[in-house]
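Participant: Can you keep this structure in mind? I'll have questions shortly.
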Amino acid sequence: MKAVILAGGMGTRLYPLTYTRPKTLIPLLNRPMARYTLDYFAGRSDEVVFAACHMIDELRSFLETVETDAKVDIAVEETPLGTGGAVKNVEGMLDEPFLVLNGDIISSFRVDDFISFAEKKGGMGSIALFPSGHPEDYGVVELDDDQRIIRFVEKPAPDQVFSNLVNAGMYYLQPEILDRIERGKKISMEAEVFPLLLDEGLFGYTFEGYWTDVGKFSTYLEANRTLLQEEGSRFEDGSDLNEEVQIVHPICIGPRLSASSGILGPNVSIGKDCAIGSARIDNSVLLDKVKVGEDVTISNSVLGEDVQIEDGCRLQDCVVADSERILEGSVLTNEKVGMR
């Protein structure tokens, strides 16, 4: 079975981190999101294609390091084609039922169960659904008693929400659906294609567990917390932690961390080759080679690669771009440092 991973977005809501890497390569527990995405299809798809248009060289370099039993390629878009246009762009490889997955989804979704459901239901395809506490942010779906979708509205106004079931960004589709999409045009599968297919049979597969759309920093940190809580703490080799360092689980510590004192965790992910002085860090992500000084507090924040945090700093709800330096004694709240 073929699979298409939608990775064409520019990741603007994740600026400034996506100035220097495509969204699919932002790490979660020190693994690029693209690695999690590929894992969904392990042993299930013989060919996987990333539909992308941003930082293709970086994505290609990563994929060259990945060991997988599937053929993995990139379909390059000169300009973003939207979710529908991106699938149409790879029409030549889709001559049988195929899978589509948004490239920024982290979930407990079980591909095998989904495929079995879709094959049994038939029709034009099936959509994975998840019960959300904020359905107005997504495509909202109503099902009948046979799990057939009878209403699909993309991002309705809050007073027009009719269900808590939302489109989870995972589809099983028949190739005939491609006849409804105009080639070379930016088209939304969710807003422009799915609503037109309801009479021909579009079904909803509901799953539970966890699901996060990693499209902004609040959900990026949510995904980090969720994976830590699901997978537990992780310690990679080569770290030097002073006995005065207090670890609060869950936490992910990359290789060669040097830490002298303070409290690390909970819900913290630290990349490789970081150095931390006396600091209190919680609910945060530090990418590779971050340096943190003495008497520092970091909470609910994301620090890019090679960031330096000098002594006495306080960061709350902040994002710091790669290679930025936060000067001694700085107190930052709800700021994005390094925006262009």
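Participant: Of Leu257, Leu241, Leu264, which residue is modelled with pLDDT under 95 and aliphatic (A, V, I, L, M)? First the steps, then the outcome.
Facilitator: Numbers: Leu257 fails: modelled with pLDDT under 95; Leu264 fails: modelled with pLDDT under 95.
Answer to the check: Leu241.
Here's the yes/no breakdown for (1) surrounded by 22 or more Cβ atoms within 10 Å (Cβ to Cβ); (2) in contact with a helix residue (DSSP H, G or I) (Cβ under 7 Å, 6 or more places away or on another chain):
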{"residue": "Arg151", "(1), (2)": "no, no"}
{"residue": "Asp159", "(1), (2)": "no, no"}
{"residue": "Asn167", "(1), (2)": "yes, yes"}
{"residue": "Gln174", "(1), (2)": "no, no"}
{"residue": "Glu182", "(1), (2)": "no, no"}
{"residue": "Phe203", "(1), (2)": "yes, yes"}
{"residue": "Gly209", "(1), (2)": "no, no"}
{"residue": "Lys216", "(1), (2)": "no, yes"}
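Participant: Is it the case that Ser233 is closer than 27 Å to Cys313 by Cβ, more than 19 Å from the chain's Cα centre (by Cα) and modelled with pLDDT under 95? It would help to see each step written out before you state the result.
Facilitator: On the way: closer than 27 Å to Cys313 by Cβ: yes; more than 19 Å from the chain's Cα centre (by Cα): yes; modelled with pLDDT under 95: no.
Judged against the criteria, Ser233 is not a match.
Participant: Just to be sure before I move on: is Ala118 assigned by TED's automatic domain parsing to the domain that holds Phe217, buried (at least 18 other Cβ atoms within 10 Å of the Cβ) and in contact with a helix residue (DSSP H, G or I) (Cβ under 7 Å, 6 or more places away or on another chain) in the structure I sent? Break it down into steps so the answer makes sense when it comes.
Facilitator: Working: assigned by TED's automatic domain parsing to the domain that holds Phe217: yes; buried (at least 18 other Cβ atoms within 10 Å of the Cβ): yes; in contact with a helix residue (DSSP H, G or I) (Cβ under 7 Å, 6 or more places away or on another chain): no.
Judged against the criteria, Ala118 is not a match.
Participant: Gly277 versus (1) outside any loop (DSSP other than H, G, I, E, B); (2) closer than 20 Å to Ala223 by Cβ: which is the lone unmet condition?
Facilitator: If we test Gly277 against (1) outside any loop (DSSP other than H, G, I, E, B); (2) closer than 20 Å to Ala223 by Cβ, just (2) comes out false.
Participant: For segment 45-69, name all the residues that are within 22 Å of Arg110 (Cα to Cα) and either among the charged types (D, E, K, R) or free of Cβ contacts under 8 Å to residues at least 40 places away in the same chain (or both).
Facilitator: Asp46, Glu47, Val66, Glu67, Thr68, Asp69
The values are calculated or read from the model by the stated rules, or taken from the named source; none is laboratory data. Bear in mind that the values here come from a model prediction, so they are computed numbers and not experimental data. Note that we place each Cβ from the backbone using ideal geometry, even for glycine, and neighbour counts take in every protein chain shown.
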